[in-house]
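Read the figures in this text as sums done on the coordinates, not as results from a lab. These numbers were taken from a predicted model, which means no experiment stands behind them. Positions of Cβ are generated from backbone atoms using ideal geometry, with glycine treated the same way; all protein chains shown enter the neighbour counts.
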Amino acid sequence: MSTCIFLCRLKPAWPLRFGNAILTNIYDPAQFLPVESLAESKVRQHATISVVIPALNEEATIGPLVSMLHREMVRDCGLVDEIIVMNDASTDRTREVAEAAGARVVDTGSVLPQRAVPSGKGSALWKSQFVARGDVLVCLDADVKNFDTRFVYGLVGPLLTNPDVSFVKAFYTRPFVVANNTVLQHYGGRVTEILVRPFLAAFCPELATLCQPLSGEYSFRKSFMNQLPMFSGYSVEIGLLLEIHRRFGMSCLAQVDMGVRYHRNRPVEELGKMSFGILRTILAKLQQSSAVELRTAASTEMISWLGGDQWERTTIHEVELPPVGSLPAQGAGTQTEACTQ
């Protein structure tokens with residue numbers, strides 16, 4: 001991908017002060033309007049862009065999301081070259097709905113079927129690197145209820161206008177909708193604020209300044225991502241951030257302010273299991289960087305109290321998948337040793 005031509009070097013939307021330092025590379029999607037100019041810059045750079053959406057039983061939201069993307073980003077302005085839905089064994093009509101809306105649907109089990117890769121969001125994104133044609137990949141969640149195209153041009157903009165940026169994260173305000181449609185402002189992102197940010201503040205304060213470290217919307221240069229391992233499940237985002245920070249620091253990261261995001265709020269029981277996997281990944285990455293030393297291996301069994309004398313034990317075992325660029329160019333699909341602990 002050529003990076004010799006740029007629209008302009010855009011200034012960050014606003015500075016974020018951390019101690020005596022100011023974090024840069026913070027943007028507003030409106031800086032990249034009109035989208036047609038961004039699309040022209042993409043063509044001049046001979047770049048291609050793929051939107052990747054991992055999905056598991058998302059027929060309720062995937063249709064409108066893909067339809068809008070196809071109409072406004074593919075057909076009308078040509079900023080996006082393809083929309084890929086990575087279908088992770090959905091049992092509803094996710095495949096049919098996404099295809100009808102204009103996406104190319106890829107079943108995750110059909111990619112490198114001979115490799116021992118567990119199912120999960122991270123595995124779907126890891127496998128998307130083998131099937132996406134784009135130089136730039138934009139990863140979106142499938143359950144966004146108020147989606148609009150700023151999630152695409154806002155995430156693509158920094159990569160097309162700043163050669164120093166390789167990974168772009170969306171951030172937003174996340175209201176929490178409870179009974180009777182009562183909206184609690186800033187109550188979303190419970191796992192982030194109760195678990196992840198305190199951990200990062202203690203061991204990696206620079207990353208604690210990211211507004212939404214677990215956001216599921218981000219973009220990256222494929223040539224950058226194929227150097228990095230990815231975790232197979234919901235801890236894919238925190239695993240990537242810790243690895244990027246360890247190897248490259250903060251200068252290659254950018255953030256984009258997407259305003260307000262409404263999504264499906266998960267029950268506490270699900271968040272507990274998600275947190276368990278994220279906690280194990282944080283500990284594993286901190287151990288890799290010698291920030292902590294674990295004398296015993298972290299358990300893979302989550303213990304949940306259901307009330308009274310009812311307990312539930314759930315095995316949650318995410319694995320770290322190797323960098324795509326480390327796999328042999330030929331025969332990658334015939335090997336079975338895909339994962340490490």
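Observations on the structure shown:
- Net charge, MET73 excluded, C-beta distance under 13 Å - Lys, Arg +1, Asp, Glu -1: -2
- Ordering of 58-65, 122-129, 243-250 by packing is 122-129, 58-65, 243-250, highest average first (other Cβ atoms within 10 Å, averaged per residue).
- The distance from the alpha carbon centre of region 41-74 to that of region 131-155 is 6 Å, rounded to a whole number.
- Here the spin labels are modelled as points 7 Å beyond Cα on the Cα-Cβ line, and at ARG44 and ALA202 they lie 4.9 nm apart.
- The stretch between GLU99 and SER119, if pulled fully straight at 0.36 nm per residue, gains 5.1 nm over its current Cα-Cα span.
- According to the Cα-based calculation, Rg over Rh for region 54-135 is 0.98, with Rh computed by the Kirkwood formula.
- Local electrostatic count, SER123, Cβ distance below 15 Å [Lys/Arg +1, Asp/Glu -1]: -2
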